[in-house]
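We did not get these values from a lab; they are worked out from the coordinates using the rules stated. Keep in mind it's a predicted model, so treat the numbers as computed, not measured. Cβ sites come from the backbone with ideal geometry, for glycine too, and all protein chains shown count toward neighbours.
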Amino acid sequence: MSRSTLITISGAQVPLTDDQVFLATRAQQPERIQTYAVLVNGTLWPPIQLITLATGTAGKVNSVANFNSHTALKALSELGFDTFERVEYGGSGQVVVRESRKRTLDRQS
């Protein structure tokens, strides 16, 4: 069964499902990871790229932010994806994610 959440994009609540994210990554390659990463089907992705692919809305257009990494990470975490903060690069240039950097969703209201 598909999980769903809402993400705020340009001030509007947009529905998002894990199936949308899975389908959006088909035949796509992840961009270079900067600071944050999301694990989808064994591959690390930048969170803004995932939301852009899944919703068709870019994170930033003409210097106006439609959403940011934290908003993207929160939504992707709510969908059940593993998300990581402050990734590092190993000697061979590969992204290294440490379990200690794994974000946990705060489900308290």
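With axes computed from alpha carbons, what is the tilt in degrees of helix 69-78 against the longest principal axis of the chain, rounded to the nearest 10 within 0 to 90?
Helix 69-78 sits roughly 80 degrees off the main axis of the chain.
Out of [x] 42, 36, 26; [y] 50, 33, 25; [z] 96, 26, 17, which label holds the value of Cα extents along the principal axes in Å that was computed here?
Only one listed value fits the structure, namely [x].
What is the magnitude of the charge dipole of the chain about its Cα centre, with +1 placed on the Cβ of each Lys and Arg, -1 on the Cβ of each Asp and Glu, and no other charges, expressed in debye to the nearest 20? Numbers along the way, then the final one.
Working: 11 positive and 9 negative charges, 27 e Å.
Here the chain has a charge dipole of around 140 debye.
Run the numbers for S10 and R26: contour at 0.36 nm per residue of separation, minus the present Cα-Cα distance, in nm. Each step should come with its number before you reach the end.
Details: separation 16, 0.36 × 16 = 5.76 nm, distance 2.57 nm.
Difference between extended and current length: 3.2 nm.
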